[in-house]
1. Which members of the stretch 30-55 meet the condition of being open to solvent by 10 Å² or more (accessible area, probe 1.4 Å) and within 17 Å of GLN68 (Cα to Cα)?
2. Only one of (1) within 30 Å of TRP15 (Cβ to Cβ); (2) among the aliphatic types (A, V, I, L, M); (3) surrounded by 17 or more Cβ atoms within 10 Å (Cβ to Cβ) is not met by VAL114, so which one is it?
3. Check off (1) outside any helix (DSSP H, G or I); (2) in contact with an Asp or Glu (Cβ under 9 Å, 6 or more places away or on another chain); (3) more than 20 Å from GLY107 (Cα to Cα) for ARG21 and give me the number that stays unchecked.
4. Of all residues being among the hydroxyl-bearing types (Ser, Thr, Tyr) and in a helix (DSSP H, G or I) in the stretch 147-171, which is nearest to the chain's Cα centre (by Cα)? Just the residue, please.
5. Filter the stretch 60-84 down to the residues that are open to solvent by less than 80 Å² (accessible area, probe 1.4 Å) and either aromatic (Phe, Trp, Tyr) or touching a helix residue (DSSP H, G or I) at 6+ places or on another chain (Cβ under 7 Å) (or both) and list them by number.
6. For the stretch 160-192, what are the residues that are more than 18 Å from GLU150 (Cα to Cα) and either open to solvent by 40 Å² or more (accessible area, probe 1.4 Å) or charged (D, E, K, R) (or both)?
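The values are calculated or read from the model by the stated rules, or taken from the named source; none is laboratory data. Computed from a predicted structure; not experimentally measured. We place every Cβ from the backbone using ideal geometry, glycine too, and count neighbours over all the protein chains shown. Side chains included, ligands, DNA and RNA excluded: accessible areas come from the protein's heavy atoms. Shrake-Rupley method; radii C 1.70, N 1.55, O 1.52, S 1.80 Å.
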Amino acid sequence: MNPGGTPRAHIDTAWLLGLVRNQTDRRLRLVACALCRAIWDELSARAREAVAFAEDLADGGGTDAARQHHFGHLRAAGGSNALRRELWLPACTVVETGRSAAEFAIGSGVAPEVEIAVIYDIFATAFRPVALAPEWRTGTVTALARQIYESRDFSAMPILADALQDAGCDSADVLHHCRDASQPHARGCWLVDAVLGHT
């Protein structure tokens, strides 16, 4: 689903993000959160709390005071020097807007190929529209998608593909996205969002 068929190895992530910069605040913030989860083992407990808060913030939870609280603690932990990556990325997730979060996070030290994969997981349909037929959204499909979303456990994506196929889904793009072992997934994944009706 690369724009113009451009190989991913030759795509500049800042340019790619520019193509989706007018997408929803929620999805842009979730890009930053997904990049944090790509370096999860490097993050402190406080940084992880900030990322989890930012994911809830993207879905309408949290308050501005709590957002500033998390940002302030991460800034304080960084001292007077520039924030280290394991502090800077989580701090990006709780800045004022989702667009700023994504723009700050891109180029902050996560491997470019991971950044590209995250953007495609969340925004693939912005580059190549994929229709999800209403009849494919059965009770089983919806329940699986909700479980994946709430648990953040995307290991069940191939099972979701099976359920979609059982429901009559014959879209190669949909089924491949679920079954492609090389594709990381995160909250905001376009397919899970489409099943659940998230924007």
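1. ARG46, ARG48, GLU49, ALA52, PHE53
2. For VAL114, the exception is condition (3).
3. Result: ARG21 passes all but (3).
4. TYR149
5. If the condition is that a residue be open to solvent by less than 80 Å² (accessible area, probe 1.4 Å) and either aromatic (Phe, Trp, Tyr) or touching a helix residue (DSSP H, G or I) at 6+ places or on another chain (Cβ under 7 Å) (or both), then GLY62, ALA66, ARG67, HIS70, PHE71, HIS73, LEU74, ALA77, GLY78, LEU83 are the ones that fit.
6. If the condition is that a residue be more than 18 Å from GLU150 (Cα to Cα) and either open to solvent by 40 Å² or more (accessible area, probe 1.4 Å) or charged (D, E, K, R) (or both), then ASP162, GLN165, ASP166, GLY168, ASP170, ALA172, ASP173, HIS176, ARG179, ASP180, ALA181, SER182 are the ones that fit.
Yes or no, residue by residue, for (1) in contact (Cβ under 8 Å) with a residue 60 or more places away in the chain; (2) over 30 Å from VAL174 (Cα atoms); (3) of a type in the set (Phe, Trp, Tyr); (4) part of a helix (DSSP H, G or I):
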site: ASP41; (1), (2), (3), (4): no, yes, no, yes
site: ARG48; (1), (2), (3), (4): no, yes, no, yes
site: PHE53; (1), (2), (3), (4): no, no, yes, yes
site: LEU57; (1), (2), (3), (4): no, no, no, yes
site: GLY61; (1), (2), (3), (4): no, no, no, no
site: ARG75; (1), (2), (3), (4): no, yes, no, yes
site: VAL95; (1), (2), (3), (4): no, yes, no, no
site: SER108; (1), (2), (3), (4): yes, yes, no, no
site: ILE116; (1), (2), (3), (4): yes, no, no, yes
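Table: residues versus (1) touching a Gly at 6+ places or on another chain (Cβ under 7 Å); (2) modelled with pLDDT under 95; (3) polar (S, T, N, Q).
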{"residue": "VAL130", "(1), (2), (3)": "no, yes, no"}
{"residue": "THR142", "(1), (2), (3)": "no, no, yes"}
{"residue": "GLN147", "(1), (2), (3)": "no, no, yes"}
{"residue": "MET157", "(1), (2), (3)": "no, no, no"}
{"residue": "LEU175", "(1), (2), (3)": "no, no, no"}
